[in-house]
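First comes the structure, then the notes that go with it.
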Amino acid sequence: MTKEKLWQAVLAQIQLEISEANFVTWFRDTQICSLKEDEITIQVPNSFAKEWLEQKYNKGIFKLIRELDGNIKRVKYIINRSSLEGSEKIIKRAIPVPFETSQLEFEEFKIDRKTGLNPKYTFENFVVGSFNELPQAAAWAVAKNPGTVYNPLFIYGGVGLGKTHLLEAIGNEVVKNFSGKTVKYISSEKFISGVVSSIRNQRMEIFKQKFRTIDVLIVDDIQFMAGKEKTQEEFFHTFNVLYEKNKQIILSSDSPPKAIPSLTERLRSRFEGGMMADIGLPDFETRMAILKSKLQEKEAELPEEIVSFVALKVEKNIRELEGALNYLLAHQKLHKKSLTMKKAEFLLKNLIHRPIKRITPKTIMDTVARFYGLTEKNLTSSSRKKEFVGPRQIVMYFLKEVLSCSYPTIGRKLGGRDHTTVIYGYEKVKKRLEEDSRLKEEIQLIKQRIESV
Ligand code: ADP
Ligand code: MG
């Protein structure tokens, strides 16, 4: 295998395993630069990407490379100086808060290929409190009697509050207790892309068959199906076939069915036909219990007052609660001495009281201009050159979406344009976003940059 092919194969694999935005940000501009016996050198566009790949993805990258070429023992990253000159500074500031300081595993490594389940999520390590008692009990009942008690089971609640954990725990429990049952966990994003690619490749029948022979189907985050009519239609049929055969269906969403925009009426009533249970916010005692259980899992220790301080400060998201704990533990490990309350307070202050970013029209204009290699003048000028018009419309889009500026205001900011021109430009970008995946990628990247300034 040539070195280029090797890296292409690695990238193809990575692309399957991380979000598109992450892939574009960290991997798109990478290349293999040399492959010498046991050492491979990857060229990256800037020091931030270098740092990030080394610190966060190296383990996963290394493993993938080793699967393709067992001789390689080391991966090095070097910066390609000629690319992206000048943008170093803004990128540098985009360093996300280190909620997780350990290596990012490509989740896929842990996931069972057949069921799609991650074995780390179980009922045993799911802490129960009054905020999640009902969904937990319903989940447990379903895991013990799939297809007979609550069908469908619909769990909803805010981000990071344990929906995925609970759904996966059901799947893992069923696998443990019913060896004959086929279980499938799938995120609705994967379901959507399955529908899209099956249509494209005319393999819809195979896709349908795959889902209709399942005993327990778990679909996570179905709010993402909003507005995807073809996917909803396909899901509706799958749902009916399974339901009529008394197969279990388990769903999650960030909101109840009636609050999911553009969900077809028939799906909505199907979802509401079973058991709906919401996960609320954990109280202080439960947050303490969760932290203690995580400490035990990690076989780590922290003084009680620090644990209680973390529980007090992070209220609304269990993922962040865990992140804050990991952050403190990583610090403790690095400095090889136990953390003091004062230090913990200091560390968490940086983490929690992040200054609220003030995004201004100027930030947006600057970022878009820079992204497309233009000047602000190009954007505000009266020129109708194609290379200016597109980015100018993107500025309109962001001014509307992010800052909710009025159309006349946007027109003024862009060199005195008429508000009808702005409406046209804004709508155009919105429309293009539906069909142009490249533009979607760009918008995501620009958004990340705007938010990190
Ligand atoms: P959601 O899907 O609702 O966004 P997740 O299920 O991904 O949230 O949960 C975020 C993190 O918090 C996961 O690491 C999960 O294991 C942990 N978590 C959530 N709820 C609990 C709980 N009740 N007990 C223990 N850990 C939990
Ligand atoms: Mg989730």
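The values are calculated or read from the model by the stated rules, or taken from the named source; none is laboratory data. Keep in mind that this is a model prediction, so the values were computed, not measured. Every residue, glycine among them, receives a Cβ derived from its backbone with ideal geometry; neighbour counts consider all protein chains shown.
For this structure, a couple of remarks:
- Output for the stretch 1-25, where each listed residue is modelled with pLDDT under 80, under 23 Å from residue 440 (Cα atoms) and either exposed (fewer than 15 other Cβ atoms within 10 Å of the Cβ) or of a type outside the set (Ser, Thr, Tyr) (or both): 12, 13, 15, 16, 17, 18, 19, 20, 21, 22, 23, 24
- Output for the stretch 334-391, where each listed residue is of a type outside the set (A, V, I, L, M), modelled with pLDDT of 90 or more and touching a Pro at 6+ places or on another chain (Cβ under 9 Å): 340, 378
- Residue within the stretch 137-145 that is surrounded by fewer than 17 Cβ atoms within 10 Å (Cβ to Cβ) and either at pLDDT below 90 or part of a loop (DSSP other than H, G, I, E, B) (or both) present: yes
- For the stretch 100-122, a residue qualifies if it is more than 26 Å from residue 213 (Cα to Cα) and either more than 14 Å from ligand 1 (Cβ to nearest atom) or at pLDDT 65 or above (or both), and the qualifying residues are 101, 103, 106.
- In the set 198, 188, 193, only one residue is within 22 Å of the chain's Cα centre (by Cα), surrounded by fewer than 20 Cβ atoms within 10 Å (Cβ to Cβ) and either away from ligand 1 (no atom under 12 Å from the Cβ) or in contact (Cβ under 8 Å) with a residue 24 or more places away in the chain (or both); that residue is 193.
- Qualifying residue in the stretch 305-319 (condition: among the aliphatic types (A, V, I, L, M) and within 16 Å of ligand 2 (Cβ to nearest atom)): yes
- Of the helices (runs of 4 or more DSSP H) lying entirely inside the stretch 206-311, those containing at least 2 residues that are within 16 Å of ligand 1 (Cβ to nearest atom) and either basic (Lys, Arg) or under 15 Å from residue 195 (Cβ atoms) (or both) span 284-298.
- If you check 365, 396 for being hydrophobic (A, V, I, L, M, F, W, C), in contact with a Gly (Cβ under 8 Å, 6 or more places away or on another chain) and assigned to a helix (DSSP H, G or I), only one passes: 396.
- Each residue in the stretch 199-234 was checked for being hydrophobic (A, V, I, L, M, F, W, C) and within 20 Å of residue 114 (Cα to Cα), and 9 pass.
- All of 168, 173 fail the test of being part of a helix (DSSP H, G or I), more than 10 Å from ligand 1 (Cβ to nearest atom) and among the acidic types (Asp, Glu), apart from 173.
- Yes/no for residue 159 being touching a residue at least 40 places away in the same chain (Cβ under 8 Å), surrounded by fewer than 19 Cβ atoms within 10 Å (Cβ to Cβ) and either within 16 Å of ligand 2 (Cβ to nearest atom) or not hydroxyl-bearing (Ser, Thr, Tyr) (or both): yes
- Of all residues in the stretch 51-84 being at pLDDT below 85 and among the basic types (Lys, Arg), the one that is surrounded by the most Cβ atoms within 10 Å (Cβ to Cβ): 56
- Condition met for residue 302 (farther than 23 Å from residue 130 by Cβ, surrounded by 15 or more Cβ atoms within 10 Å (Cβ to Cβ) and aliphatic (A, V, I, L, M)): yes
- Flag for residue 439 being modelled with pLDDT under 90, within 26 Å of the chain's Cα centre (by Cα), surrounded by 14 or more Cβ atoms within 10 Å (Cβ to Cβ) and within 22 Å of residue 22 (Cα to Cα): yes
- Residue that is surrounded by the most Cβ atoms within 10 Å (Cβ to Cβ) [pool: residues in the stretch 322-332 that are free of Cβ contacts under 8 Å to residues at least 40 places away in the same chain and within 16 Å of residue 297 (Cα to Cα)]: 325
- Complete set of residues in the stretch 112-132 that are more than 25 Å from residue 191 (Cα to Cα) and surrounded by fewer than 14 Cβ atoms within 10 Å (Cβ to Cβ): 124, 130
- Taken together, 401, 451 contain a single residue that is surrounded by fewer than 16 Cβ atoms within 10 Å (Cβ to Cβ), touching a residue at least 12 places away in the same chain (Cβ under 8 Å) and closer than 26 Å to residue 25 by Cβ, which is 451.
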